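Asks: Mind having a look at this structure? Questions to follow.
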Amino acid sequence: MPTPAPPPSRFRLQATFIFTLCLVLFAIPARGDDLSFSIERTVAHSGFDGQTCWVHARAGAIPAGATENDAGQPLVVMTTQKLLLTGSDVFYRLHSSTSDDLATSWTDLTPIDSFARQTVGGDSDALPTGASIAPHLLQPGDETTVCDFQPKWHAASQRLLGIGQSVWYRNNRVMHVRPRGIAYAAYDAPAERWSKWKTVDLPDQPRFQDAGSGSVQRVDLPGGDVLIPFYFKQPNTKQYSTAVCRCRFDGDTLHFIEVGNALTVPIKRGLYEPSLTRLGGRFYLTMRNDERGYVSVSDDGLTFEPQRAWTFDDGSDLGSYNTQQHWVTHSEGLFLVYTRRGADNDHVFRHRAPLFIARVDPESLHVIRDSEQVLVPERGARLGNFGVVDVSPDETWVTVTEWMQPQGVEKHGSDNSIFVAKLKWNRPNRDVDVAGAGVPEASAENELLSYARPPKAYANDFGNYKSPLIFADGSRVETPEDWGRRRAEILSTWQSLLGEWPPLISDPDVEILDSRQRDGFTQQKIRFRWTPTETTTGYLLRPDGAGPFPAVVTVYYEPETAIGDGNPHRDFALQLARRGFVTLSIGTTEASEAKTYALYHPSIDDAAVQPLSMLAYAAANAWQLLADRPEVDSERIGIVGHSFGGKWAMFASCLFDKFACAAWSDPGIVFDQSRPSVNYWEPWYLGYHPKPWRKRGVITDQNPARGLYPRLVADGHDLHELHALMAPRPFLVSGGSEDPVRRWQALNHAVAVNRILGHDDRVMMTNRPDHSPNADSNEMIYAFFEHWLK
């Protein structure tokens, strides 16, 4: 059946007030604060054709200044879809509308082609999306799409990520025994386009063959992991259980990691349509049941206490039943949005209007009755399917559509309006992402060690890399003592391949060129000897106070960027100094200007050491400079770099074991000739040869690699062998476009080495889709050094 056409509308639909009075609500607090908000109600769209109606209007906000929104206001993206009134939950493709002026106007609702229904046995022999969950339940002609979709900004990937669930139809009726999956897609703001939707690859268990995440609120964690509440059952049963699964989103795919404990009640359909939030380090879960709403709490977001029924603070039942509730969360208070019986609303289907908001006591888990306020009044139609979006620190919106079933509800005044109820806070919500602001330090450090665990699909997947636990004679490492010998063997092999370093410089001969006080630290411009024949200029940042301090060497094309005078989110030295680290920022300024980038010993015309190894040598001498300083603890010195600097930091920390730990931001941690930026074959890395140099770029028959690099590849060497030299020292890969999730195949070898040494938390990776770091990825780097060096 074709999708019904939406009613005609203007290109920019002007929002209108549905009430001339702007109501001011002072929330009755659970504790004696004065957090309050005003409510402003507008309409984003209205109009009823009598045959279909808009439902599931939910929005996500791309913060002002984010990667995909350089405007001065948030870009709000709303999705909704048509419902066929003569059917039950017969939905069609999602549509989208945007507002860049805080809902003063909205673009026309536009169909999203990637959410068009897919048919079993249609134009392609391939199964529709999500069909592989339980293909035995399907037959030719069955159709699927996505419903109950909720977009939300995902700071770690700098993408708007929408999550819902798949729904299946046979003869345009919902199939009662069907596959169901957690569906998701990402929005490309510059292209104004949603990606093709996918489903999360849950464990292959019968209970997850009917598993959905429709209408839910999720919690995004620092580093990119997502806690997704979902509900599930075997397809031929009726009672749902609810749990939270942890997934890792890299900007393209939600990778399943683990699932928490299941909650249910033996009442009709069990517990479903859950929503999750976090406040003050605790996680709160609200769930739908056919007879009442339920709530639970958790300290980790996965393991939840037994559910309890929602009640008011006087002990009486909340009266919300057979529909969803959602959270409004401010950094200073927790609120619930819900519908309930007992509000002179017996004429409304399942009492699903008006829409209420009230404050929740986060300790007792009671709704505070005296704080209850009507958020959206009722006009006969139900309002039970709605969404919540944090638009800015100052505004949270609730979006909801008048659902025009059962027939005749319009006689009470409803017209399928899409309402936007704005909550305008009297104090900023500190938990709302602001582009560039990062995430709280404590939160990032709490989540850090979770990134020592790969997604389930990559657990114990070693790819085609040779195990570093195999000696050259074919015998295998079994003990820590064995590893000591094998480590020496690997190091000797690579030192022979890369060329022997000159003696380390025990006295770098530091000269102070300039000194000035900055906020909380002293910045000195220094010159020191970093090779036997060359000096360099760098910056030493020393926090105020006595010390001894931990320290970090930062490496890049030049030293100014890391102290804040360059591209955003590469100011590692500055940010770490503000956190109490002595930092030394160094770079290859002259070589980068000459486009030779690295260091060449004894000369660029006749280098005896591969240039990337010579950079590692220079970093080792920078370590010595820091170690000699009385305010630095020499046992607590790390190194970090991005891109070119990431390669530099990786080789330095692997080849020089006095670095206590290291963070490598998207260097390309293994050889990968399909990626132009993972260009270890270039003469300034591992492909040195006398000039004239090969033409810069990917390897081709006409432009082959030269020098050491092709020999390394031919002999089966790869950089995972160097990673193994880090053990048991910890390292973090801050992965971007060059180091995607599949790099766990290489990292698992370092994990295996650490396992022999008795450690399971020394190899970590976060992932983002872009090469450039962002506030979230950097906060994980800083949390890494806070954890391992302080």
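Throughout, read-outs are computed from the coordinates displayed, never taken from laboratory work. Remember, it's a predicted structure, so these values are computed and weren't measured experimentally. In this analysis, Cβ positions are derived from the backbone assuming ideal geometry, glycine residues included, and neighbour counts consider all displayed protein chains.
Asks: Using only Cα atoms and rounding to the nearest 10 degrees, what angle (0 to 90) does helix 480-498 make with the longest principal axis of the chain?
Replies: For 480-498 against the chain, the angle is about 70 degrees.
Asks: Another one. Just report the Cα centroid separation between segment 647-719 and segment 347-386, whole Å.
Replies: Their Cα centres are 60 Å away from one another.
Asks: Among all the aspartates and glutamates, which ones have a C-alpha under 14 Å from residue 268's C-alpha, if same-chain residues fewer than 8 places away are not counted?
Replies: Within the straight-line limit of under 14 Å, residue 268 reaches these aspartates and glutamates: 290, 291.
Asks: Can you spot the lysines whose alpha carbon is less than 22 Å from residue 422's alpha carbon? Ignore those fewer than 8 places along the same chain.
Replies: Straight-distance partners of residue 422: 152.
Asks: Once phi is turned into θ = phi - 60°, what whole-Hz ³J(HN,Hα) does the Karplus curve with 6.51, -1.76 and 1.60 give for every residue of segment 348-353, x standing for Gly and Pro?
Replies: 9, 3, 6, 6, 8, 6
Asks: Right, next: Does segment 635-749 come out rounded, prolate or oblate, given a ≥ b ≥ c as the square roots of the eigenvalues of its C-alpha gyration tensor, rounded meaning a/c under 1.5 and, failing that, prolate meaning a/b above b/c? Walk me through the numbers on the way to the answer.
Replies: On the way: a/c = 1.93, a/b = 1.71, b/c = 1.12.
Prolate is the answer for segment 635-749, as a/c is 1.5 or above and a/b outweighs b/c.
Asks: What is segment 446-789's relative contact order, in percent, from Cα pairs under 8 angstrom and six or more apart in sequence?
Replies: Working: 703 pairs, mean separation 61.9, N = 344.
The value is 18 percent.
Asks: Taking only Cα atoms, what is the 0 to 90° angle, nearest 10, from helix 775-789's long axis to the longest principal axis of the chain?
Replies: 60 degrees
Asks: Let me ask something else about it. Just to confirm the filter: which trypsin sites (Lys or Arg not before Pro) across segment 613-708 are DSSP coil and have at most 13 other Cβ within 10 angstrom of their Cβ? Write down the numbers at each step before the final one.
Replies: Values: sites: 636, 647, 658, 694, 695, 696, 706; in loops: 658, 694, 695, 696, 706.
Here the sparse-neighbourhood loop sites are 695, 696.
Asks: Mind checking segment 456-561 for trypsin sites (Lys or Arg not before Pro) that DSSP puts in a loop (not H, G, I, E or B) and that have at most 16 other Cβ atoms within 10 Å? The partial results should precede the final answer.
Replies: Numbers: sites: 456, 466, 476, 485, 486, 487, 516, 518, 525, 527, 529; in loops: 466.
Passing sites in segment 456-561 are 466.
Asks: Further, regarding this structure: Whole-Hz Karplus ³J(HN,Hα) for segment 80-87, in order, using 6.51 cos²θ - 1.76 cosθ + 1.60 and θ = phi - 60°, x for Gly and Pro?
Replies: So the Karplus estimates, Gly and Pro as x, are 7, 8, 7, 10, 7, 5, 7, x Hz.
Asks: Something else about it: Calculate the length of the line joining the C-alpha centroid of segment 68-94 to that of segment 512-562, in whole Å.
Replies: Cα centroid of segment 68-94 versus Cα centroid of segment 512-562: 51 Å apart.
Asks: Another question about this same structure. Around residue 108, which amide H atoms from residues at least 5 apart in sequence, or from another chain, sit under 5 Å from its own amide H, with H modelled in the peptide plane?
Replies: Those qualifying (amide H under 5 Å, at least 5 residues apart or on another chain) are 13.
Asks: Which is the longest stretch in the chain that no exposed loop site breaks, taking sites as GluC sites (Glu not before Pro) with a DSSP loop state and at most 15 other Cβ atoms within 10 Å?
Replies: On the way: sites that count: 192, 291, 363, 478, 500, 631.
No qualifying site falls inside 1-191, the longest such stretch.
Asks: Moving to a separate point now. Once you keep just the Cα pairs under 8 angstrom separated by 6 or more residues, what percentage relative contact order results for the chain? Kindly include the intermediate steps, with their values, before the conclusion.
Replies: Numbers: 1999 pairs, mean separation 76.8, N = 790.
About 10 percent, as a whole number.
Asks: Under the rule of -39500 (n - 2.57) per DSSP H run of 4 or more residues, summed and divided by the residues of the chain, what mean residue ellipticity at 222 nm is obtained, to the nearest 500 deg cm²/dmol?
Replies: Numbers: 10 runs with 107 residues, N = 790.
Dividing the helical sum by the residues of the chain leaves -4000 deg cm²/dmol.
Asks: For residue 73, list long-range residues whose amide hydrogen, built 1.01 Å from N in the peptide plane, is under 5 Å from its own amide hydrogen.
Replies: Residues meeting the criterion, in which the H sits 1.01 Å from N, do not exist here.
Asks: While we're here: Please check the chain for the longest run free of chymotrypsin sites (Phe, Trp or Tyr not before Pro) that are loop-located per DSSP (anything but H, G, I, E, B) and have at most 12 other Cβ atoms within 10 Å. Intermediate values should be presented prior to the final figure.
Replies: Details: sites that count: 11, 19.
Within the chain, the longest run free of exposed chymotrypsin sites (Phe, Trp or Tyr not before Pro) spans 20-790.
Asks: Shifting gears a bit: Label the chain by shape, choosing from rounded, prolate and oblate, from the square roots a ≥ b ≥ c of the eigenvalues of the Cα gyration tensor; if a/c is under 1.5 it is rounded, and otherwise prolate applies when a/b is larger than b/c, oblate when it is not.
Replies: Working: a/c = 2.19, a/b = 1.83, b/c = 1.19.
The shape class here is prolate.
Asks: Each residue of segment 242-258 in turn: what ³J(HN,Hα) in whole Hz from Karplus with 6.51, -1.76, 1.60 and θ = phi - 60°, glycine and Pro shown as x?
Replies: 10, 8, 10, 10, 9, 10, 10, 9, 9, x, 10, 10, 8, 9, 5, 10, 7
Asks: Across segment 446-789, how many lysine pairs, 8 or more positions apart or on different chains, have C-alpha atoms separated by under 19 Å? Please give the number.
Replies: Working: 595/647; 595/691; 595/695; 647/658.
Within segment 446-789, the lysine pair count is 4.
Asks: Please give the helix 611-627 orientation as an angle from the longest Cα principal axis of the chain, in degrees from 0 to 90, rounded to the nearest 10.
Replies: For 611-627 against the chain, the angle is about 90 degrees.
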